[in-house]
Amino acid sequence: MTELVKFVVSEAVAVVTLDRPKARNALNRQMLRELRAILTETERREDVTVVIVTGSDPAFCAGLDLRELSTPGQLDLGDLTAAGCPWPDHRKPWIAAVNGVAITGGLELALACDFIVASERAAFADTHARVGILPFWGLTSALPQAVGLRSARLMSLTGNFVNAEEAVRWGLVSKVVEHEELLSTVFDLARDVVSNDQATTRALMEGYKDASALPKDEATALERSRAMAWQGQGFGADRVAARLEAVTQRGRAQR
């Protein structure tokens with residue numbers, strides 16, 4: 001059977017690539033199964049600190065394979081709904097490198113990542129209403145968190161595409177780069193994440209995840225309680241001193 005999801009590990013970074021380019025990396029049953037297995041493996045592997053999710057050109061992901069979905073017995077929507085999200089919860093940072101269109105399920109995959117870097121060729125759309133399917137992988141909470149409620153409604157109710165430049169203005173995308181520079185840019189960002197204290201990085205990930213579901217006052221109280229507990233688990237001057245020189249030199253270089 002042909003592998004539809006590739007992944008390689010280098011410098012503690014796993015690059016996971018949807019590799020069904022002739023179908024614009026549409027998610028069929030086999031790809032969904034492979035994607036979940038590979039992403040689950042990256043969570044377990046000690047040699048992986050950061051995960052990059054991307055697609056083989058020309059697309060990032062066109063969403064569910066509608067040809068398979070429209071064929072009885074091939075891709076059952078009821079099974080997909082009952083099974084929940086096809087990618088696992090994660091403690092390691094995921095970065096979406098969106099190289100082309102990210103449509104509906106592909107948009108949801110990008111939103112599942114912790115931030116998105118886009119090629120100038122990227123475009124985003126939610127076409128659930130055009131197909132006649134309601135979202136069931138968390139889009140109605142994740143998309144408003146990214147772009148605000150009214151822009152999320154605009155995307156979902158029209159089904160129109162949002163290009164890369166508009167996506168970065170809305171906050172859906174963190175950065176837009178030239179297409180040929182996408183993977184190298186994202187890999188550099190992944191290296192930046194790898195260079196951090198990883199226990200702290202993962203605690204921050206948990207903090208963002210929990211706080212995003214709370215009102216501001218509750219989120220701030222939760223953040224404070226986490227920080228106090230964290231600092232009681234061995235935080236001290238020696239820990240800061242061990243990283244001080246590297247932090248200082250990096251700051252000078254970036255300025």
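Just so you know, all these numbers are worked out from the coordinates, no wet-lab data involved. Nothing here was measured: the structure is a model prediction, and the numbers come from that model. As a convention, Cβ positions derive from the backbone with ideal geometry for all residues, glycine included, and neighbour counts pool all protein chains shown.
Taking all Cα pairs closer than 8 Å and separated by 6 or more residues, the relative contact order of the chain comes to 16 percent. In order along region 136-149, the Karplus-derived 3J(HN,Hα) couplings, from 6.51 cos²θ - 1.76 cosθ + 1.60 at θ = phi - 60°, round to 9, 10, x, 4, 6, 9, 6, 5, x, 4, 7, 10, x, 5 Hz, and Gly and Pro are given as x.
For Lys92, the aspartates and glutamates whose Cα comes closer than 13 Å to its Cα, not counting residues fewer than 8 places off in the same chain, are Glu41, Glu43, Glu46, Asp47, Asp114, Asp197, Glu206.
For the chain, the mean residue ellipticity at 222 nm estimated from helices alone is -14500 deg cm²/dmol, where every DSSP H run of n ≥ 4 contributes -39500 (n - 2.57) and the total is divided by all residues, rounded to the nearest 500.
Under 1.5 on a/c is rounded, so check that first for region 5-194, then, if it is not, pick prolate when a/b is larger than b/c and oblate when it is not; a ≥ b ≥ c are the square roots of the alpha carbon gyration tensor eigenvalues. Since a/c reaches 1.5 but b/c is at least a/b, the shape of region 5-194 is classed as oblate. The lysines within cross-link reach of Lys6, meaning a Cα-to-Cα straight distance under 18 Å and a gap of 8 or more places when in the same chain, are Lys22. Under the convention that each Lys and Arg Cβ holds +1 and each Asp and Glu Cβ holds -1, the size of the dipole of region 37-154 around its Cα centre is about 400 debye.
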